[in-house]
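Trainee: Dropping a structure here in structure tokens format, bear with me for questions.
What follows draws every value from the coordinates through simple rules; no lab data is involved. All values derive from a computational prediction rather than experimental measurement. Counting neighbours? That spans all protein chains shown, and the Cβs are built from the backbone with ideal geometry, glycine included.
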Amino acid sequence: MKKIIGITGNSGSGKTTATEILRKLTNADIIDADKVVRELSVPGTEYLNAIKEKFSESVLLEDGSLNRKELANKIYNNKEDLEILNSLTFKYVVQEIRKRIEESNNTIIILDAPLLFESGLDKECTSVIGLIAPFDVKVNRIVARDGISEEIAYSRINIQAKDEFYIDKADIVIENIDSNELEDKLKEALRILKI
């Protein structure tokens, strides 16, 4: 039977780093929800057509591909637009992720999904690890990763779920302040989850 470990948490909580460590420790298949979104938002896909229909041509680049920056600016300043985008994403991306889980021959799958609970993908998981980190740590990571201002990083985090949400819903919660300690914490999580 497949064991599916969900990894979730806010932007800047260290999901990608945790996923890479878990891949090394377990030899699992990785399904990265953000990557699936990127793959599904190329010209000609139903997902991109649906986004274009809802948000107009202004969210497209000249070559017809998705202008991520433009779309991010729209959704991070408008809760209604964020909800519209999420409902489209859940419809198309969740379907694709379920298909990939089904097609994987590995007995362990790591599902890296920021909106794991919101999309209902937690129901696919055997267990869920929630990552949390202090606000300033998350901001610094986002600024370094995306090359954006602290102000934009603040606004991104502020529209996401609070740490309490993950503490309440995840099977195991890891506070990820120091990346050097993360591997030991993940090893302990795997031991608890008997993986």
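Trainee: Could you go through the stretch 185-190 in sequence order and give the Karplus-derived ³J(HN,Hα) for each residue, using 6.51 cos²θ - 1.76 cosθ + 1.60 with θ = phi - 60°, rounded to whole Hz, and x for Gly and Pro?
Mentor: Whole-Hz 3J(HN,Hα) from phi for the stretch 185-190: 5, 6, 4, 5, 4, 5.
Trainee: Loop-only trypsin sites (Lys or Arg not before Pro) in the stretch 88-191, please: DSSP not H, G, I, E or B, and at most 16 other Cβ atoms within 10 Å.
Mentor: Here the sparse-neighbourhood loop sites are 162.
Trainee: Determine the shape class of the stretch 1-67: with a ≥ b ≥ c the square roots of the Cα gyration tensor eigenvalues, call it rounded for a/c under 1.5, and otherwise prolate if a/b is greater than b/c, oblate otherwise.
Mentor: Prolate, because a/c is 1.5 or more and a/b exceeds b/c.
Trainee: Okay, moving on. Would you mind checking the tilt of helix 135-146 against the longest principal axis of the Cα atoms of the chain, expressed as 0 to 90 degrees and rounded to 10?
Mentor: 60 degrees
Trainee: Taking 0.36 nm per intervening residue step and subtracting the Cα-Cα distance, what contour gain separates residue 72 from residue 17 on full extension?
Mentor: Result for the pair: 17.5 nm of gain on full extension.
Trainee: Scan (1) 59, 45, 33; (2) 49, 39, 27; (3) 50, 30, 27 for the value of Cα extents along the principal axes in Å calculated from this model and give just the label.
Mentor: (2)
Trainee: In nm, what is the difference between 0.36 nm times the number of residues separating residue 158 and residue 46 and their Cα-Cα distance?
Mentor: Separation in residues times 0.36 nm, less the Cα-Cα distance, equals 37.3 nm.
Trainee: Could you work out how far helix 15-26 tilts from the main Cα principal axis of the chain, as a 0 to 90 degree angle to the nearest 10?
Mentor: Its long axis makes an angle of about 40 degrees.
Trainee: What is the distance in Å between the Cα centres of the stretch 52-79 and the stretch 125-170?
Mentor: About 22 Å separates the Cα centre of the stretch 52-79 from the one of the stretch 125-170.
Trainee: Restricting things to alpha carbons, tell me how big the stretch 36-110 is in terms of Rg and Dmax, in Å.
Mentor: Answer for the stretch 36-110, Rg first and Dmax second: 13.9, 43 Å.
Trainee: Also, I was wondering about something else. Could you compute how fast the stretch 81-155 diffuses translationally, taking Rh as the Kirkwood radius over C-alpha pairs and applying Stokes-Einstein at 10 °C with viscosity 1.306 mPa s? Give it in µm² per second.
Mentor: 108 µm²/s
Trainee: Angle between the Cα long axis of helix 46-55 and the longest principal axis of the chain, 0 to 90 degrees, nearest 10?
Mentor: Result, in degrees: 60.
Trainee: Continuing with the same structure: Please enumerate, by chain and number, the lysines with C-alpha under 17 Å from the C-alpha of residue 187, excluding those fewer than 8 residues away in the same chain.
Mentor: 3, 15, 24
Trainee: Around residue 13, with a cut-off of 9 angstrom between Cβ atoms, what is the net charge of the other residues, counting Lys and Arg +1 and Asp and Glu -1?
Mentor: +2
Trainee: Please enumerate, by chain and number, the lysines with C-alpha under 22 Å from the C-alpha of residue 54, excluding those fewer than 8 residues away in the same chain.
Mentor: 35, 69, 74, 79, 91
Trainee: For residue 128, enumerate residues with amide H under 5 Å from its amide H, sequence gap 5+ or separate chain, H modeled in the peptide plane.
Mentor: Placed amide hydrogens put 6, 171, 172 under 5 Å from residue 128.
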